[in-house]
Structure formats: C-alpha cells, structure tokens
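Step one of this worksheet: look at the structure below.
The values are calculated or read from the model by the stated rules, or taken from the named source; none is laboratory data. Quick caveat: nothing in here was measured; it's all calculated off a predicted structure. Because the Cβ atoms are built from the backbone with ideal geometry, glycine has one as well, and the counts that use them run over all protein chains shown.
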2 protein chains.
Amino acid sequence: MAKPAAMTLLVWTRLLRAADLAEQHCAAALRAAGLPPPDWYDVLLALERGGPQRPRALQTSLGTEQYALSRLLDRMVRAGLITRTPCPDDARGHTLDLTTEGRTMRSAMWPVYAEAIEAALGARVVEDDCAALARMLGPLAVPVSG
Amino acid sequence: MAKPAAMTLLVWTRLLRAADLAEQHCAAALRAAGLPPPDWYDVLLALERGGPQRPRALQTSLGTEQYALSRLLDRMVRAGLITRTPCPDDARGHTLDLTTEGRTMRSAMWPVYAEAIEAALGARVVEDDCAALARMLGPLAVPVSG
DNA sequence: GACTTACCGATGCATTTGCATGAAAAGGCT
DNA sequence: AGCCTTTTCATGCAAATGCATCGGTAAGTC
C-alpha cells in the first residue's frame, strides 16, 4: 500500500541499471575471450569451493530457478566441465563434480572475469564507500519476504 | 589487470543478487495481478513523460538493446498499447505514441509496481542510507567506458 | 550529382527462458 | 504395510533473447 519515496525510486532505477550494465560488461568480456558466460563460472566456483554436491544445494546457494539450473547443468555436462553421477543415498538426485577440464576452465575464466568486475565496479566505487555499499546491499540480497 | 578487492567482490555478488531479487519480485507481483511485465511499464512511462518519440530515443533512455526494444514494441503494438506512425522528417523511423489503452494500462500497473518496489527496496533500506545508496550507485549506472 | 559512410530499425535463426507439469523417490502417518 | 504429502530433478511447449545481418534512408565528402 505504501508508495515508495522519490529517493527509493532513484535507488530502484540505478540499482537495476548498475547491475544490468555490470553483468553485461562481464558477459561481453568473457564472450570476447571465447569463454562461457558468467553463470557457468558461478557453478564452477561453487563446486570447487564446496566440493561435489547436488543440484538442490547449488540452486539454493546460487539462487537460480530449478529448471534454469537443470538445463545449465545439462550444457555444462555436455561441454565436459562437470559430471553427474548417481547419488548413492538418494536415488532421485545426482552428485555433481568438476572434471579436470572444469577446473581448467574456471582458472581460465577468472582473470577475464576479475578484470571485468574491477572495471565495472572496483574502479568506480570510491574506496571508502565500498564497505558501506556492501553493508547497505546486504539486506537487499536476500529474498523479499525473508 | 588489477584484481578486484575482496570487498569489491562482496559488492559484486550482492549487487547482482539484490537487483535480480528485486526485479523478480516486481515481475511476480505484476504477473500475479494479470498485468504485463516491468519493461512494458518502462516504455509506457517514458512515452507518457517524454511524449511521442522514436525508438532510438527510447533505446538510449531505457538502455535496452536495439533488437530487444524492436520486438518489445512489436508486442506492445499488437496489444494495442502504443502506435507506430511513420516519421515525417525521417523515412527510416517511426514515431511511437501511447494509445488510450496504453495510458490506462500504465495507471493500472503503477499501484502494483509501486507496492512491489516499496516491499523490495523501500522497506529494507534504512531511511538515512537511501540517499547515500543512490549517490554511490550513480556512477555505476552509466556504461562502463563512459 | 555520385559515392561512401553512418544510422535506424527489422528479422532469420539458433539458443535460452518461463511456466506448467511429469516422473520418480523419500518421508511421514496411521 | 498402505497411503498421502513433499522433495528432487527433468522436460514439452510457447515465448523471449542474442547475435549477426539486411534493407532502407540520411548525412558527409569529393
């Protein structure tokens, strides 16, 4: 019922635009380098950090839709970056794991990704603002009714 | 070449997540009300605020890809919300204008959209932080090399 | 004027998304 | 055990997206 304040609307537009531009910039950088898109990186990183795990876990930690993740994993398996092996204690699911190529790919992507992030964000946020920005975005980065 | 600082990476993840969640929330709200998605609203608002104008102008102000806008406009014309009329002084383009239904639609969408924005953003940003957040996001909301 | 370049907007085609639904297994209850 | 609910993951189908490219016009140059 409550209408957003004018300042809230400004934050709204800038937030969406900023995120869109940043994402776009990174995607373009990776693409230009002949590498897969950012979401592939997120999966690779999650698997490297968290070890072998099931799709459901990734779904939660990455915040992607179930069907989107399912098909993303399809593509990554097809590309030989990850494997799906039957889960021993739960016949419904699989365990996902990195292949050697998967690890290699993540390593190859990181420098490009990192530089794009730095250009899109790091270089444009005043150093002193960075922590404050992270703090303010914190509550916004969790699902709305939560 | 410069790698992003740890705090930059935190901002990165939170920024993307926050924007994604907020957008998602609004899209869901509009959809639940049987209304068109947010990008339709953006076009309707731009036309109402800026008067009749050409696609190129919208493309710049909304920051959408040329082909995406072209097809979005297709759909909106098909839905009877806007019209494309030949542009008198430039035979390449059209002038876009709102129909009465277009105006009506924008009015119908706003309350729903506004409430969703308030829930996703307004209610979760400390009042004192709001202006600061807008200020920090400002530079990020313009194309990277600009 | 003829020619080249830049610009505006649409579109073919393959890929990806979104929504709804399905299939199969796990967990809970009596 | 039998039955119902929940969880996990995949998928059919229609719609949207991304990329490249094209047709057409305007604008600049000689």
Check: Where residues in region A:114-130 are touching a residue at least 24 places away in the same chain (Cβ under 8 Å) and surrounded by 21 or more Cβ atoms within 10 Å (Cβ to Cβ), which of them is farthest from the other protein chains (Cβ to nearest Cβ)?
Finding: A:Ala116
Margin query: If a residue must be more than 7 Å from chain A (Cβ to nearest Cβ), in a loop (DSSP other than H, G, I, E, B) and either farther than 23 Å from A:Thr8 by Cβ or acidic (Asp, Glu) (or both), how many such residues does region B:1-38 contain?
Written below: 1
Notebook entry, point to check: Which of the residues belonging to region A:131-145 are more than 7 Å from chain B (Cβ to nearest Cβ) and either in contact (Cβ under 8 Å) with a residue 40 or more places away in the chain or not in a helix (DSSP H, G or I) (or both)?
Noted result: A:Val142, A:Ser145
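Look at A:Leu21 and say whether it is buried (at least 17 other Cβ atoms within 10 Å of the Cβ) and touching a Gly at 6+ places or on another chain (Cβ under 7 Å).
Values: buried (at least 17 other Cβ atoms within 10 Å of the Cβ): yes; touching a Gly at 6+ places or on another chain (Cβ under 7 Å): no.
When the stated conditions are applied, A:Leu21 does not pass them.
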Check: Can you tell which of A:Ala91, A:Ala108, A:Ala68 is out of contact with any Phe, Trp or Tyr (no Cβ under 8 Å at 6 or more places or on another chain), within 14 Å of chain B (Cβ to nearest Cβ) and either at pLDDT 90 or above or surrounded by fewer than 14 Cβ atoms within 10 Å (Cβ to Cβ) (or both)?
Finding: A:Ala68
Notebook entry, point to check: Name the residues in region A:40-60 that are within 12 Å of DNA strand D (Cβ to nearest atom) and surrounded by 12 or more Cβ atoms within 10 Å (Cβ to Cβ), would you?
Noted result: A:Pro52, A:Gln53, A:Arg54, A:Pro55, A:Arg56, A:Ala57, A:Leu58, A:Gln59
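Looking at B:Met105, is it farther than 18 Å from A:Leu9 by Cα, touching a residue at least 60 places away in the same chain (Cβ under 8 Å) and either within 13 Å of DNA strand D (Cβ to nearest atom) or not in a loop (DSSP other than H, G, I, E, B) (or both)? Quick ask: steps written out before the conclusion?
Numbers: farther than 18 Å from A:Leu9 by Cα: yes; touching a residue at least 60 places away in the same chain (Cβ under 8 Å): yes; either within 13 Å of DNA strand D (Cβ to nearest atom) or not in a loop (DSSP other than H, G, I, E, B) (or both): yes.
For B:Met105, the condition - farther than 18 Å from A:Leu9 by Cα, touching a residue at least 60 places away in the same chain (Cβ under 8 Å) and either within 13 Å of DNA strand D (Cβ to nearest atom) or not in a loop (DSSP other than H, G, I, E, B) (or both) - is met.
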Next item on the list: Select from region A:56-100 the residues that are in a helix (DSSP H, G or I) and not aliphatic (A, V, I, L, M) and list them in ascending order.
Entry: A:Arg56, A:Gln59, A:Thr60, A:Ser61, A:Gln66, A:Tyr67, A:Ser70, A:Arg71, A:Asp74, A:Arg75, A:Arg78, A:Thr100
